[in-house]
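**Q** For reference, the structure I am asking about is given below.
The values are calculated or read from the model by the stated rules, or taken from the named source; none is laboratory data. All figures in this text were calculated on a predicted structure; none of them were measured in a lab. Counting neighbours? That spans all protein chains shown, and the Cβs are built from the backbone with ideal geometry, glycine included. Remember, those area values only see protein heavy atoms, side chains included, never the ligands or the DNA or RNA. Shrake-Rupley method; radii C 1.70, N 1.55, O 1.52, S 1.80 Å.
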Amino acid sequence: MPTGQTPKDGKQNDTKMLIRFMLIALVVTSGLNIFLASASTRAVKQIKYSEFTTMLQEGKVGYVEIEDDRLLITEAADENDTDVNIYKTANRYYTGRVDDPNLKENLDKMGVEYDTPVDTSSPFLEFITTWVLPILLIYGVFSLFMRSFSKKMGGGPMAFGKNNAKIFAQKETGVTFDDVAGQEEAKESLTEIVDFLHNSEKYIKVGAKLPKGALLVGPPGTGKTLLAKAVAGEAKVPFYSLSGSDFVEMFVGVGASRVRDLFKQAVENAPCIVFIDEIDAIGKSRDNQVGSNDEREQTLNQLLSEMDGFDASKGVVILGATNRPEVLDKALLRPGRFDRRVIVDKPDLKGREQILAVHIKDVNLDCDVDLHHIALATSGGAGADLANIVNEAALRAVRLGRDMVNQSDFMEAVEVIVAGKEKKDRIMNEIERKIVAYHEVGHALATALQKNSQPVQKITIVPRTMGSLGYTMQMPEEERFLLSKEELLNQITTLVAGRAAEEVIFNTSTTGASNDIERATALARSMVTQYGMSSRFGMMGIESVQNKYLDGRNVATCAEVTSAAVDEEVLKIINGAYERAVVLLRENEEALHRIALFLIEKETITGEEFMEIFNNK
Ligand code: ADP
Ligand code: MG
Ligand code: ZN
């Protein structure tokens with residue numbers, strides 16, 4: 001990640017803080033020094049020189065330090081003292097140094113020790129210990145305290161109502177449209193924004209109102225964040241980015257002040273791009289029923305008014321990204337705010353191939369790598385998945401001690417992402433292996449018989465970490481966008497054919513079919529409720545899709561009686577498909593045996609091998 005640049009405002013704040021801190025530390029340290037000095041002098045009492053000579057005569061002097069201008073006298077320990085207080089220290093006195101030539105003689109006579117103190121401390125060292133060290137110490141303690149405090153409070157008391165948002169500012173994002181592959185439509189609608197940031201005069205001259213913001217909408221991992229950076233990179237303007245959740249704090253009002261700060265900074269640094277990632281965190285519709293959130297509403301209101309308030313001709317463009325556009329407040333989407341919507345959808349076959357091409361740029365490739373093939377096998381994958389696959393493949397090559405990544409690395413990486421890692425240590429017993437093999441071949445054979453073409457990429461009965469005991473990797477020869485009723489029925493037949501094989505060969509049913517059942521049921525349900533493919537309900541829509549870009553949950557919009565009838569209809573479809581699968585497999589039982597035995601022996605067979613045995617009647 002390129003290094004962030006501290007915003008101008010933040011820098012000023014920092015220097016102010018530092019000066020304030022230095023003043024405090026200076027005052028504290030001087031106070032400390034004065035206190036220490038006075039404490040050390042308090043212990044030493046001044047006496048007259050004559051008193052000193054009397055003391056000397058009486059033998060009460062224990063030790064004398066002769067300094068340039070004074071004598072420092074330590075009283076002799078009193079032998080008669082019965083007080084056994086170990087804390088008691090000898091009294092110390094000082095007196096002016098009278099020009100007394102007999103001083104040393106008198107001291108010698110009384111047997112008192114004396115000397116002149118040698119000044120060993122250098123002034124530099126003294127300065128360090130009395131000034132620099134305490135200041136550093138105070139600074140250390142202070143900043144530690146502040147850090148733990150601000151962590152607890154999420155911003156800290158000093159940050160309250162102040163700008164301390166983690167605004168991520170980049171002078172140059174270093175990302176261009178070339179780094180974003182397979183999103184041609186999205187790029188096309190964003191090029192205008194780039195142009196507008198570049199030469200806004202052109203637009204102003206014609207009298208065109210400049211767009212204020214665009215909302216990037218699409219499933220996770222399709223490159224929304226990347227696109228926003230690319231817009232900034234193409235326009236060569238600074239990039240201010242904040243995640244929606246950064247605005248939402250514990251204190252009401254903090255988010256709003258962050259919005260204000262963000263826009264202030266942006267206008268000061270125009271032209272630039274302000275990017276609010278995951279904007280649904282603040283942009284949620286305000287009229288939601290339960291648990292309305294004051295802080296979020298205030299933040300949203302601030303955002304709305306800032307978006308209205310700033311002068312777009314300065315060249316500030318606001319980009320937002322979300323994968324839940326339907327929850328956004330309507331006010332946010334009206335013209336003059338996020339008036340443009342750029343759909344960043346999952347890439348198609350060609351797009352996936354292009355994205356792979358972007359990501360393998362720095363990877364050392366073997367000559368057998370076929371991107372088209374990988375793209376075919378990754379139907380439904382988003383850009384982030386593909387980036388992940390490339391990396392997994394490279395890691396596998398390293399693990400196997402190669403310095404080049406080959407096709408098998410890629411295909412294994414695809415499987416790892418789809419089905420999890422191979423679990424070589426899980427040992428299935430003989431009968432389990434047999435059942436799993438027949439189950440998987442049942443799927444494959446059903447496809448082959450219905451389509452008359454190579455149905456699968458690969459079949460394996462090596463267990464995987466994500467729970468599958470064996471699995472059949474389907475491989476579409478081309479990408480399909482429109483499916484007919486017959487094709488859907490064929491798919492359901494293929495899904496239930498695994499169980500059908502268990503039934504036909506072993507006359508048993510196992511738990512291995514649970515995922516097949518789930519998928520077959522979902523497909524059949526969609527046929528009835530969404531695609532209008534049942535004779536009973538015809539074109540009536542019974543379910544609608546929510547969260548289209550996330551998990552795509554279906555919500556029923558019908559009466560309960562209808563629901564029950566839908567279930568009957570779904571059951572009819574599935575049972576019909578199952579019967580067909582049983583018939584298909586019975587008719588081809590011999591082929592089923594041949595392929596399954598081969599699979600049991602080899603553990604993994606490819607699509608070509610499958611076809612060879614299948615045709616070898
Ligand atoms: P989003 O914000 O849509 O969830 P990101 O932009 O954060 O997704 O994408 C995550 C990563 O996936 C990117 O850093 C990039 O490496 C990769 N990626 C996603 N889409 C693309 C694409 N269209 N072209 C190239 N790389 C992509
Ligand atoms: Mg993102
Ligand atoms: Zn199955």
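**Q** Ignoring any ligand, DNA or RNA, what whole percent of the accessible area of the stretch 349-419 comes from carbon and sulfur when the probe is 1.4 angstrom?
**A** 54
**Q** Right, next: When only C-alpha pairs under 8 Å and at least 6 residues apart count, what is the relative contact order of the stretch 166-343, in percent?
**A** Result for the stretch 166-343 is 33 percent.
**Q** A further question follows. Could you tell me the distance between the Cα centroids of the stretch 168-188 and the stretch 530-569, to the nearest Å?
**A** Distance between centres, Cα-based: 39 Å.
**Q** Same structure again: Go ahead and run the numbers for FRET between residue 189 and residue 519, Cβ-Cβ distance against an R0 of 30 Å, rounding to 0.05. Each step should come with its number before you reach the end.
**A** Details: r = 35 Å, r/R0 = 1.18.
Calculated value: 0.25.
**Q** Using a Förster distance of 45 angstrom, determine the FRET efficiency expected from the C-beta separation of residue 550 and residue 305, and round it to 0.05. Working shown, then result.
**A** Numbers: r = 30 Å, r/R0 = 0.66.
FRET efficiency, residue 550 to residue 305: 0.90.
**Q** Between residue 146 and residue 176, what is the FRET efficiency for a Förster distance of 41 Å, r being their Cβ-Cβ separation, to the nearest 0.05?
**A** The formula returns an efficiency of 0.55 here.
**Q** Positive end of the dipole of the stretch 298-385, charges at C-beta (+1 Lys, Arg; -1 Asp, Glu), about the Cα centre: which of 316, 358, 335 has its Cα farthest in that direction?
**A** Farthest towards the positive end: 335.
**Q** So, by mean Cβ neighbours within 10 angstrom, what's the order for 403-410, 569-576, 386-393, 558-565 with the highest one leading?
**A** 386-393, 403-410, 569-576, 558-565
**Q** Quick one: pull the percent of accessible area on the stretch 473-617 belonging to carbon and sulfur, 1.4 Å probe, ligands and nucleic acids left out.
**A** 52
**Q** Here is a follow-up. Give me the distance between the Cα centres of the stretch 573-617 and the stretch 201-243, rounded to whole Å.
**A** The two parts, judged by their Cα centres, are 53 Å apart.
**Q** If you don't mind, another one. Do any trypsin sites (Lys or Arg not before Pro) in the stretch 167-268 lie in a DSSP loop with no more than 14 other beta carbon atoms within 10 Å, and if so, which?
**A** Sparse-neighbourhood loop trypsin sites (Lys or Arg not before Pro): 209, 236.
**Q** Per residue, how much accessible surface does the stretch 166-343 expose to a 1.4 Å probe? Answer in Å², no decimals.
**A** 41
**Q** Still on this model: What whole number of Å gives the distance from the Cα centroid of the stretch 312-375 to the Cα centroid of the stretch 88-147?
**A** When both Cα centres are located, 72 Å separates them.
**Q** Apply the Karplus parameterisation 6.51 cos²θ - 1.76 cosθ + 1.60, with θ equal to phi minus 60°, to every residue of the stretch 369-381 and state each ³J(HN,Hα) to the nearest whole Hz, in sequence, with x for glycine and proline.
**A** In residue order, the calculated couplings are 6, 10, 4, 4, 5, 5, 4, 4, 7, 10, 3, x, x Hz.
**Q** So how do 343-350, 99-106, 530-537 stack up, highest first, on mean other-Cβ count within 10 Å?
**A** Values: 343-350: 18.1, 99-106: 10.9, 530-537: 14.6.
Ranking, from highest mean packing down: 343-350, 530-537, 99-106.
**Q** Roughly speaking, what is the stretch gain from residue 38 to residue 557, that is 0.36 nm per residue apart minus the C-alpha to C-alpha distance, in nm to one decimal? It would help to have the intermediate numbers written out before the result.
**A** Details: separation 519, 0.36 × 519 = 186.84 nm, distance 8.53 nm.
Contour length minus Cα-Cα distance gives 178.3 nm.
**Q** Could I ask something else about it? Once fully extended, how much extra length lies between residue 204 and residue 264, figured as 0.36 nm per residue of separation less the alpha-carbon to alpha-carbon distance?
**A** Full extension from residue 204 to residue 264 adds 19.3 nm.
**Q** Across all directions of projection, what mean area in square nanometres is found for the Cα convex hull of the stretch 349-419?
**A** Values: hull surface 16.4 nm².
Seen from a random direction, the Cα hull of the stretch 349-419 projects 4.1 nm² on average.
**Q** Non-local amide H neighbours of residue 61 (under 5 Å, H modeled in plane, Pro and chain starts lacking H): which ones?
**A** It is 76, by chain and number.
**Q** Could you look at the stretch 166-343 and say what percent of its accessible area is carbon and sulfur, using a 1.4 Å probe and all protein chains? List each step's numbers first, then the result.
**A** Values: 3700 of 7270 Å².
The C+S portion of the solvent-accessible surface of the stretch 166-343 is 51 percent.
**Q** If packing is taken as the average count of other Cβ atoms within 10 Å, what order do 481-492, 265-276 fall into, highest mean first?
**A** The most tightly packed comes first, giving 265-276, 481-492.
**Q** Mind scanning 202/224; 171/346; 171/205; 284/346; 205/314; 236/264 and naming the pairs with a C-alpha gap bigger than 22 Å?
**A** 202/224; 171/346; 171/205; 284/346
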